[in-house]
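Please read the structure below before turning to the comments.
The values are calculated or read from the model by the stated rules, or taken from the named source; none is laboratory data. This one's a predicted model, so the numbers in the text were calculated from it and none came from an experiment. Neighbour counts are summed over all protein chains in view; Cβ atoms, including those assigned to glycine, are modelled from backbone coordinates with ideal geometry. Accessible surface is based on the protein model in full, side chains and every heavy atom, while ligands, DNA and RNA are left aside. Shrake-Rupley method; radii C 1.70, N 1.55, O 1.52, S 1.80 Å.
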Amino acid sequence: MKNPEAQQDVSVSQRIRVMFYVMKPSETSFQTLEEVPDYVRKATPFFISLMLLELVVGWIRKGKPPGGLDDALTSMSAGIVSQLPRLFYRSIELTSYVYIWENYRLISLPWDSPWTWYLTFLGVDFGYYWFHRMAHEVNIMWAGHQTHHSSEGYNLSTALRQSVLQIYTSWIFYSPLALFIPPSVYAVHLQFNLLYQFWIHTEVIDNLGPLELILNTPSHHRVHHGRNRYCIDKNFAGTLIIWDRIFGTFEAENEKVVYGLTHPINTFEPFKVQFHHLVNIWTTFWATPGFFNKFSVIFKGPGWGPGKPRLGLIEEIPEVEGKEVPFTSSASQLLKIYVLVQFTLILAFYEETFADKAVLSQVSLLLRVCFIILTLTSIGFLLDQRPKAAVLETLRCLVFLGLCRAGHLKPCFSSLSFALEVLSDQIQPNANLVRILPYRCLGSI
């Protein structure tokens, strides 16, 4: 999928139906990998539309929005961070697959056969089940996947809270398909499987009747995201819940589900959301005596300890009462509005960067990525009310001015270009700097 010009067009109808895996083999079979559309990127407007619809429906039904602004922005920030490596290279899930296909395939199933399409649907979903299960049962893999579970809310924005590390282990579970399934067919279903899982992250939909027997649904996935004891390590399905029923990991939703990690991290800062469990593994590794115990810290379950079963003891998981209050930001409403404006602008800049990546130099791409990360980090600091938040935001504004002057960034509004030129020429490192920059940043990117 590295040549956008060769990709097939995707109709509005297809962009909607792809979210629910309601696609036909005849319209989604491609001979080469380059022809496969980037369905995930093309679905972005529908992510936003469905999130707004969920907001309205949730407000009507419960009199309040389904989740907080701070949590939603953190989830979307994690989603942005997880996609940034794609600006520089193709996903390892595709690169490794193509390598195996070109060097070790046993047979080549026809790319345009409906049988190949349906077999790939089952194969990718089966591979996802085992990857997802291992991501909960192997500590080093959980270090990546925990990002997705760190939200204490459960709404469509939670689906976007993705790990930047996860793809470096997930490819292993799909690689057997490369022995006989063409890469173009695999690339289609890899995206469909991911997109299907977006709409099941909601409390707006209750029970889907007979579909609950076969499909992964919002009800089933709510259990998976719960930190109640009955929810732990259950319902790993991607699209089909039959795998959980077959392998004994299914659990129906009954008592009220409390969401998030068993030990909440209480932060909106993106680096901590992404990497805090790696730090925990590092600390535990050096504090645990014995080579085999150290090995177990990495490759057994997150709850393992010397003398415990592989996955730890369920009774050590904190019990929930259903009255837990999610962690929220203590920032003022005015500051939250400022943060929302900055996030909206950086989201537009992120989309523009992906759209223009073919014409941008590697230096410009790298600087843009660094600025995106700096902005998201500053937003996290502001929401966390960190002591150094104002300093970091001022630094971010200075960096913005410097990158604009060097031609690597441009203001969203052309009318600001001249003003920024004048400002960057005249501004001096004095006491007025701190007062000027945060206001100027309201027009940033």
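Computed values, structure above
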read-out	value
Among (1) farther than 19 Å from Thr239 by Cβ; (2) part of a helix (DSSP H, G or I); (3) within 19 Å of the chain's Cα centre (by Cα); (4) not β-branched (Val, Ile, Thr), the one test that Leu165 misses	(2)
Hits in segment 221-268 (condition: polar (S, T, N, Q) and in contact (Cβ under 8 Å) with a residue 24 or more places away in the chain)	Asn228, Thr239, Thr249, Asn254, Thr262, Asn266, Thr267
Residues satisfying the stated conditions in segment 322-341, i.e. over 30 Å from His263 (Cβ atoms) and surrounded by 14 or more Cβ atoms within 10 Å (Cβ to Cβ)	Tyr338, Val341
Considering residues of segment 35-65 that are among the hydroxyl-bearing types (Ser, Thr, Tyr) and open to solvent by less than 50 Å² (accessible area, probe 1.4 Å) only, the residue nearest to Leu156 (Cα to Cα)	Thr44
Check on Gln8, open to solvent by 30 Å² or more (accessible area, probe 1.4 Å) and not basic (Lys, Arg)	yes
Count of residues meeting criterion [among the β-branched types (Val, Ile, Thr) and under 19 Å from Arg133 (Cα atoms)] in segment 228-280	7
Any hit, segment 259-281, residues being in contact with a Gly (Cβ under 9 Å, 6 or more places away or on another chain), assigned to a loop (DSSP other than H, G, I, E, B) and under 21 Å from Gln197 (Cα atoms)	yes
Scope segment 262-287; condition over 30 Å from Gln83 (Cβ atoms) and open to solvent by 90 Å² or more (accessible area, probe 1.4 Å); matching residues	Trp286
Selection from segment 288-308 of residues that are over 25 Å from the mean Cα position of the chain (by Cα), surrounded by 12 or more Cβ atoms within 10 Å (Cβ to Cβ) and part of a loop (DSSP other than H, G, I, E, B)	Thr288, Trp304, Gly305, Lys308
Test: residue in segment 145-162 that is closer than 22 Å to Pro85 by Cβ and open to solvent by 30 Å² or more (accessible area, probe 1.4 Å)	yes
Scope segment 228-249; condition hydroxyl-bearing (Ser, Thr, Tyr) and within 20 Å of the chain's Cα centre (by Cα); matching residues	Thr239
Checklist (1) touching a strand residue (DSSP E or B) at 6+ places or on another chain (Cβ under 8 Å); (2) surrounded by fewer than 23 Cβ atoms within 10 Å (Cβ to Cβ); (3) among the hydroxyl-bearing types (Ser, Thr, Tyr) applied to Ser175, failing item	(1)
Number of positions in segment 238-261 that are surrounded by 17 or more Cβ atoms within 10 Å (Cβ to Cβ) and not hydrophobic (A, V, I, L, M, F, W, C)	8
